Structure formats: structure tokens, C-alpha cells
Amino acid sequence: MSNKELGREIDEDLGKIESESTTNTPRWVKMFGIIAIVLVLLVVLIMIISGGEHGPGRHIKSDDAVGQTLLIKEGIQQL
Amino acid sequence: MSMAPRTRKFALTAHVTFSVGWLGAVIGFLVLVVTALSTQDTQTVRVAWFAMELIGWFAIVPLAFASLLTGLVMSLGTKWGLFRHYWVFFKLSLTVIATFVLLLNMQTVSFLADIAAESESVDITGMWGELLHAGGGLLILLVITILSIYKPRGMTRYGLRKQHQRQSKMS
């Protein structure tokens, strides 16, 4: 593909930018924002319900000084 | 700052390759999680933790950073910019959030993989957390892909101001 053809392709791509002039926030942006806020609240809620602890520390029992006791799923046989 | 057409094409190819690679690597990670959750074999769960740690640190994390970096180059090297269009801004925000959560989650994966290597126990409850993280990550990457392809219209206030300034200069 020549530089001229590539340039034309980019011009077509950017033509979309130049033609925009509306000052109203698009509906999809508002919807996107609402969904994002709901998801963030949901994540915060889950973290609060699960005790607020997150990361590796969540998998260590607080009364275990060595920190090696793990929650084992019932039915799984230890080696 | 605007890139030459050939440079732009090369940067775009790199960005698409890294981004699609990231998505594919997350799917591979999810396959391991689902396999571990659906088995009763302890050895399979242990191997899954090791494999998840390797895929995470040597495929998903590098691809996430490569995708973020090439995305920044693409935005700054073209007239799309970083904050001029809502779709670019959302895409950048989601990529930064996904990379940040990925790094935090990989600490947990490494911790549980170490436990699986050093002790005779395996943590299956941690797999549910991985299902949530990897599933959420995959969903975010799909949204990013859709935004990249459809490029929905809408300029930010900053973008409109820049456009107005450019038009004023031209006239």
C-alpha cells in the first residue's frame, strides 16, 4: 500500500472527528457512566460483605501464626 | 504530533496484536480456573495454580502493559488524542483499571501457587475469586474491543474546545 493510499485511509478515519460538533453528551456515554457506577458500588458491596479483606491475606486464617492453614474444599483429598 | 502513515499502520498492528493476545491469554487462564473448579483431583488443582502463575506473569501482564503502551502511542500519535473522544477516554480508563486489578490479583495467584508448591494443601476457594477476576477481566476486554471497533461518536468538552481552537486558527 502506498503512502498516498494510507494517507487517504487515515483521512477517512479522521473525517469522523472533524464532522462532530454537538455539545450534548451522547446517550451511550450516560448509560456507560451509570453501568460503571453500579458496578463499582457492587464491587464495594461484595468487598464489605466478604469482610473487607482483599488480596493474599484473605487466604490466611487470622489465628494462624504461621499463615499456612488454608481453606480446603470439602471432598478434595489432601496428598 | 502526528505519525507518518507507515509508522501509524505498524503501531496499529502492534496494538491490535498485543490487545487480542491479552484477551486470548485471559481465556487460557479461565480454562485453567474452570478445570480446577470442576475436578476432584488435588494434583490437577495444584498444577492449575502453577500454570496460572506462569500465564499470568509471563503472558497476561506483559501483554497488558504492551497493549497500554501501544494504545498511548496510537492516541498521542494521531488526531484521536487521549481525552478528546469519550470512547478513547473510556478505553484508556478501562485498560488502566484492568491492568491495576491484574497486578493486585497476580499477588494472590503467586501466593496461592507458592502454598501449593510448598505444602500438601491446595486452596480451591481461591479459584472462585480467580473465576470472578478473570471473568470480569474478560468482560472488560470485550467492552474495550467493541469500543475500538465501533468508535461511538461523542467528544468530551476538552475535545470540543480543541476542535473549536483548531477551526478558529483555520478561519
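General observations
- Helices assigned as whole DSSP H runs in chain B whose Cα atoms extend at least 24 Å along their own long axis and whose mean Kyte-Doolittle hydropathy is -1.0 or higher are found at B:5-37, B:86-118, B:125-150.
- Shielding by other protein chains, B:3-11, mean Cβ within 10 Å: 3
- Net charge dipole, chain B: roughly 2100 debye, given to the nearest 20, about the Cα centre with Cβ charges of +1 for Lys and Arg and -1 for Asp and Glu.
- Average beta carbon contacts from partner chains per residue of A:33-44, 10 Å cutoff: 1
- Inter-chain neighbour count for B:118-125: the average number of beta-carbon atoms from partner chains within 10 Å of each residue's beta-carbon is 5.
- Heavy-atom accessible surface that B and A bury in contact, both chains counted, 1.4 Å, Å² to 100: 3800 Å²
- Considering only alpha-carbon pairs that sit under 8 angstrom and 6 or more positions apart, the relative contact order computed for segment B:71-166 is 47 percent.
- Chain B, relative contact order in percent, only Cα pairs under 8 angstrom and at least six apart counted: 32 percent
- Selection among B:Trp49, B:Pro5, B:Gly21 by position relative to the dipole of segment B:1-84 gives B:Pro5 as farthest towards the positive end (Cβ unit charges, Cα centre).
The values are calculated or read from the model by the stated rules, or taken from the named source; none is laboratory data. Just so it is clear, the structure is predicted and the values come from calculations on it, not from any experiment. As a convention, Cβ positions derive from the backbone with ideal geometry for all residues, glycine included, and neighbour counts pool all protein chains shown. With ligands, DNA and RNA removed, areas are computed over all heavy atoms of the protein, side chains included. Shrake-Rupley method; radii C 1.70, N 1.55, O 1.52, S 1.80 Å.
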